[in-house]
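This report concerns only the one structure given below.
The values are calculated or read from the model by the stated rules, or taken from the named source; none is laboratory data. Just so it is clear, the structure is predicted and the values come from calculations on it, not from any experiment. Don't worry about glycine lacking a Cβ; one is built from the backbone with ideal geometry, like all the others, and counts go over all protein chains shown. Surface areas here come from the heavy atoms of the whole protein model, side chains and all, with no ligands, DNA or RNA. Shrake-Rupley method; radii C 1.70, N 1.55, O 1.52, S 1.80 Å.
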Amino acid sequence: MRRAFLFAVVAFAVAACAGTPNGSRSRARAARIKEDPRVDELLKKMTLEEKVGQTVLFTSDWTVTGPSMRSGYLEDIKAGRCGALLNAYTADFTREVQRVAVEETRLGIPILFGYDVIHGFRTIFPINLGMSCSWDIPAIEESARIAAEEAAAAGLQWTYSPMCDISVEPRWGRISEGSGEDPYLGSLISAAMTRGYQGDDLSKDNTILACVKHFAAYGAPQAGRDYNTVDMSERWFREFYLPPYKAAIDAGALSVMASFNELDGVPAHASNHLMNEILKDEWGFEGFVVSDYTGINEMIMHGYAADESHAAELSMNAGLDMDMMSAAYMNHLTDLVKSGKVSEKTLDHAVRRILNIKAALGLLDDPYKYCDPQREKERTLTEENKAFARQFAAESMVLLKNNGVLPLKKGEKIAVLGPMAATKDDLLGSWRGAGQVEAVPASIEDAIKEVTPVAASASKVVLVLGEPWDWTGEAASRTSINLPVEQTELLKSLKKQGKTVAVVLLNGRPLDLSEESEYADAILEAWYPGTMGGYAVADVLFGDCNPSGKLSVTFPRDLGQVPIYHYAKNTGRPYIHPDAKYESRYLDCPNEPLYAFGHGLSYTTFEYSAPVIPGSTSVIPGTDRESPVLKGDGTLTVKVKVTNTGSVAGTETVQLYIRDLVGSVTRPVKQLKGFERITLQPGECREVSFTIDSEMLSFYRQDMTWGPEPGDFKVFIGGASDNVKEASFRYEI
Ligand code: GLC
């Protein structure tokens, strides 16, 4: 029964589940996997070689998502050397491969089919960075649920998603695949996507196994260059990079993918700290860990493994259960166990986890349950899925600037220009799953033409600019985050001709729009909006959908400001006095970003009252000032009134930030700790309240224990991280 899905506007003030070492409490725990008795029976029967076979994942020859390909996967499966296959789908194809595994091998253990279904399978949704700008957690979950239903109908049981990598690096092409810079928002999104994919029962024929990636901190490569070194303090790692992975695990995710990068000098593919100590021991993770594409072999290039056998030994002993595409496990694990370098107990640990997941997916009951061509036809690219995709794409778009040119009037003559106006292919973005350009009904130009007369000479121009879709995604880092110069020149020339220009952007990373923002009369950030993106852009441009997106990542004025993000520290010399020399500033650029985290305009306007913290106050020691007090495990409520002061209905994401003024380690000037999406009619006023508790104030104190510290706090509420009103309170143990 299809869950009725409304674009409900719901309250979100849930404290994120942070990684919490050193005995401090965690609000949730990893999913417990049911031990299936048939797994023990199988393990008893399996030869050493058959056990190794279950730890091997190869790609089909359908598509390439990594640096190497190998032929002969069917022979490997038939010989029991391979237990899982990626990059292959359709009910018919998977049925044939499954038949070989089940009917032509000694024990008939079914194959697990995996694929990168990260923003849709056939019906493609906005890229993940775009989705995250919707801040619509239920819609994000619904997009994952639809993706799972379409993928499962095509013979797949496993997706390599959610990508949980926090990033403040716009040069990094894979920032497009994640949920931006904020660990709180990222945690809610990774948990929602996990729920969407896995549902409440992995054995159903419309749910698939989620895969938390890339574990861990892959989004912080030095210089923004993909696969580059990652190095940060354990403290910063646990507070700002780890939470989204943990939120997905706490939401029940049962597979994890190791990341290509090293962290603190150890490649993640052999990091006992990451895979055994944090993931399996501290968090209680009972699923399995898979390598990224040839990631085990790459430890030789890292200079961490002497050879392929050494790499296999290091990875298996560090808790990495399955080898994607290195063949290191296939080539060496049997000998490593025979030599004692890897215990058979360790191998059994890996195989048991993998087989328990195959059992949980229902594959031991019916290996062909995902191979129904009729269901595949019925469940993919449905009108309902496309209607959802269109609305969701519109919600993901962010109106960065508007001097009143938008919304356009239906019937007025418009010119639609720019190198991205006619494209359908770029609308799908990278990692487009089984999305096909043929299924894209309209480019942006097509969609606008259906609404209004189009003439190149018109005085009002929609100028569609951006990056080609493959300028972001994997192995797509750039040293510049500017638009191609000819695009900026086109904008300037149109302005010199006296045109009114609304720029629409198709891109996968934060861009330096400092020049374009001076010329454009409006800028709509559309990301790569997916199959229905052309129509969704037109819906927003003509006001059929009032934009409500908010940036989940900061847009700098200049690459020279990077890294720049909203949870920065104050420093000992914050830039306060415009003419001061000895303060933390640049000689050639303001400190502030061009568009801040949480920024996004609407066709209406919203007014915020000052936040109020009702209830008793107490005198701040040593002063004559009074302040509301949060005590121990109690809670405080902070309220604000939001009014739609414009002439059309609109949805606003009311954001709550908190600052701890003094800590045993320095604290950010603000951290997102809650938000609520509300839809208001013109003139409507609504009181929004947030509950503050000590968990929201907690951090890794100087001794690395997790918890709050007493003292003064500020709370900020507004429609963007740089557009807030504040109140104060004290926290007392
Ligand atoms: C790629 C990516 C990873 C993807 C995997 C399988 O190299 O790093 O995100 O899931 O290989 O395609």
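Any residue at all in the stretch 179-189 that is β-branched (Val, Ile, Thr), touching a Ser or Thr at 6+ places or on another chain (Cβ under 8 Å), more than 14 Å from the ligand (Cβ to nearest atom) and open to solvent by 10 Å² or more (accessible area, probe 1.4 Å)? Outline the logic, then answer.
At the first step, the residues of the stretch 179-189 found to be β-branched (Val, Ile, Thr) are 189.
Narrowing the set further to residues that are touching a Ser or Thr at 6+ places or on another chain (Cβ under 8 Å) leaves 189.
Cutting the leftovers down to more than 14 Å from the ligand (Cβ to nearest atom) gives us 189.
Next cut, open to solvent by 10 Å² or more (accessible area, probe 1.4 Å) only: none.
Checking the stretch 179-189: not a single residue is β-branched (Val, Ile, Thr), touching a Ser or Thr at 6+ places or on another chain (Cβ under 8 Å), more than 14 Å from the ligand (Cβ to nearest atom) and open to solvent by 10 Å² or more (accessible area, probe 1.4 Å).
Could you list, in sequence order, all residues of the stretch 630-665 that are open to solvent by 30 Å² or more (accessible area, probe 1.4 Å) and part of a strand (DSSP E or B)?
Result: Lys631, Thr635, Thr637, Lys639, Lys641, Thr643, Arg659.
Hey, among Gly284, Gly319, which residue is open to solvent by less than 10 Å² (accessible area, probe 1.4 Å) and at positive phi? Full working, then the answer.
Values: Gly284 fails: open to solvent by less than 10 Å² (accessible area, probe 1.4 Å).
Of the residues listed, the single one that is open to solvent by less than 10 Å² (accessible area, probe 1.4 Å) and at positive phi is Gly319.
Quick one: in the stretch 209-242, which of the residues that are more than 16 Å from the ligand (Cβ to nearest atom) and among the basic types (Lys, Arg) is most open to solvent (accessible area, probe 1.4 Å)?
Across the stretch 209-242, the extreme among qualifying residues is Arg235.
Yes or no, residue by residue, for (1) crowded, with 17+ Cβ neighbours inside 10 Å; (2) away from the ligand (no atom under 16 Å from the Cβ); (3) among the basic types (Lys, Arg):
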| site | (1), (2), (3) |
| --- | --- |
| Val464 | yes, yes, no |
| Ala475 | no, no, no |
| Ile481 | yes, yes, no |
| Leu490 | yes, yes, no |
| Ser493 | no, yes, no |
| Leu505 | yes, yes, no |
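Taking into account only those residues within the stretch 68-103 that are open to solvent by 10 Å² or more (accessible area, probe 1.4 Å), within 16 Å of the ligand (Cβ to nearest atom) and closer than 30 Å to Tyr528 by Cβ, which is nearest to the chain's Cα centre (by Cα)? Quick ask: steps written out before the conclusion?
Within the stretch 68-103, the first condition is being open to solvent by 10 Å² or more (accessible area, probe 1.4 Å), and the residues that meet it are 68-75, 78-81, 89-90, 92-93, 95-96, 99, 102-103.
Imposing the further condition that a residue be within 16 Å of the ligand (Cβ to nearest atom) reduces the set to 68-70, 73, 89.
Those still in the list that are closer than 30 Å to Tyr528 by Cβ too: 68-69, 89.
Numbers: Ser68: 26, Met69: 27, Tyr89: 24 Å.
In this case the residue turns out to be Tyr89.
Just to be sure before I move on: is Ser203 open to solvent by 10 Å² or more (accessible area, probe 1.4 Å), small (Gly, Ala, Ser) and either more than 16 Å from the ligand (Cβ to nearest atom) or in contact with a Leu (Cβ under 8 Å, 6 or more places away or on another chain) (or both) in the structure I sent? Full working, then the answer.
Working: open to solvent by 10 Å² or more (accessible area, probe 1.4 Å): yes; small (Gly, Ala, Ser): yes; either more than 16 Å from the ligand (Cβ to nearest atom) or in contact with a Leu (Cβ under 8 Å, 6 or more places away or on another chain) (or both): yes.
Spelling it out, Ser203 is indeed open to solvent by 10 Å² or more (accessible area, probe 1.4 Å), small (Gly, Ala, Ser) and either more than 16 Å from the ligand (Cβ to nearest atom) or in contact with a Leu (Cβ under 8 Å, 6 or more places away or on another chain) (or both).
Looking at this structure, is Ile166 outside any loop (DSSP other than H, G, I, E, B), under 26 Å from Phe675 (Cα atoms) and within 16 Å of the ligand (Cβ to nearest atom)?
When the stated conditions are applied, Ile166 does not pass them.
For the stretch 264-273, enumerate the residues that are in contact (Cβ under 8 Å) with a residue 12 or more places away in the chain and either basic (Lys, Arg) or more than 16 Å from the ligand (Cβ to nearest atom) (or both). I'd like the intermediate steps shown before the answer.
The initial filter retains those residues of the stretch 264-273 that are in contact (Cβ under 8 Å) with a residue 12 or more places away in the chain, namely 264-272.
Scanning the stretch 264-273 gives Asp264, Gly265, Val266, Ala270, Ser271, Asn272.
When you go through Ser430, Ser514 one by one, which is the residue that is closer than 30 Å to Pro590 by Cα and either hydroxyl-bearing (Ser, Thr, Tyr) or in the same structural domain as Trp158 (by TED's automatic domain parsing) (or both)? Walk me through it before giving the result.
Working: Ser430 fails: closer than 30 Å to Pro590 by Cα.
The conditions single out Ser514.
Name the residues in the stretch 672-694 that are surrounded by fewer than 20 Cβ atoms within 10 Å (Cβ to Cβ) and of a type in the set (Asp, Glu), would you?
Result: Glu684, Glu687, Asp693.
Would you be able to tell me the number of residues in the stretch 41-67 that are crowded, with 22+ Cβ neighbours inside 10 Å, among the hydrophobic types (A, V, I, L, M, F, W, C) and outside any helix (DSSP H, G or I)?
Qualifying residue count for the region: 3.
Look through Arg106, Arg174, Arg122 and report the one residue that is in contact (Cβ under 8 Å) with a residue 24 or more places away in the chain, more than 16 Å from the ligand (Cβ to nearest atom) and farther than 30 Å from Ala79 by Cα. Before the answer, list the steps.
Working: Arg106 fails: farther than 30 Å from Ala79 by Cα; Arg174 fails: more than 16 Å from the ligand (Cβ to nearest atom).
Sole residue among the options that is in contact (Cβ under 8 Å) with a residue 24 or more places away in the chain, more than 16 Å from the ligand (Cβ to nearest atom) and farther than 30 Å from Ala79 by Cα: Arg122.
Of the numbered conditions (1) touching an Asp or Glu at 6+ places or on another chain (Cβ under 7 Å); (2) open to solvent by less than 10 Å² (accessible area, probe 1.4 Å); (3) over 30 Å from Asp200 (Cα atoms); (4) not in a helix (DSSP H, G or I), Tyr329 satisfies every one except a single condition; which is it?
Just one mismatch for Tyr329, condition (4).
Of Lys409, Lys424, which residue is open to solvent by 50 Å² or more (accessible area, probe 1.4 Å) and under 16 Å from Asp539 (Cβ atoms)? Break it down into steps so the answer makes sense when it comes.
Values: Lys424 fails: under 16 Å from Asp539 (Cβ atoms).
Selected residue: Lys409, the only one of Lys409, Lys424 that is open to solvent by 50 Å² or more (accessible area, probe 1.4 Å) and under 16 Å from Asp539 (Cβ atoms).
Residues of the stretch 109-119 being aliphatic (A, V, I, L, M) and within 15 Å of the ligand (Cβ to nearest atom), which ones?
Hits for the stretch 109-119 are Leu112, Val117, Ile118.
Could you give me the residue pairs with C-beta distances under 6 Å whose first residue belongs to the stretch 697-718 and is assigned by TED's automatic domain parsing to the domain that holds Glu687, whose second residue is loosely packed, with under 15 Cβ neighbours inside 10 Å and aliphatic (A, V, I, L, M) wherever it lies, and which are 6+ apart or on separate chains?
Once the first residue is assigned by TED's automatic domain parsing to the domain that holds Glu687 and sits in the stretch 697-718, its partners that are loosely packed, with under 15 Cβ neighbours inside 10 Å and aliphatic (A, V, I, L, M) give Pro710/Ile733; Gly711/Val662; Asp712/Leu661.
What single numbered condition from (1) open to solvent by less than 60 Å² (accessible area, probe 1.4 Å); (2) without any contact (Cβ under 8 Å) to a residue 12 or more places away in the chain fails to hold for Pro578?
With (1) open to solvent by less than 60 Å² (accessible area, probe 1.4 Å); (2) without any contact (Cβ under 8 Å) to a residue 12 or more places away in the chain applied to Pro578, the lone miss is (1).
Is it the case that some residue within the stretch 565-584 is closer than 30 Å to Glu518 by Cβ and β-branched (Val, Ile, Thr)?
yes
How many residues are away from the ligand (no atom under 16 Å from the Cβ) and among the β-branched types (Val, Ile, Thr) if we restrict to the stretch 243-263?
Number of matching residues: 1.
Give all pairs with beta carbons closer than 6 Å in which a residue from the stretch 386-399 that is open to solvent by less than 10 Å² (accessible area, probe 1.4 Å) meets a residue that is hydrophobic (A, V, I, L, M, F, W, C) and modelled with pLDDT under 95; count only pairs at least 6 apart in sequence or on separate chains.
Close Cβ pairs satisfying both conditions: none exist.
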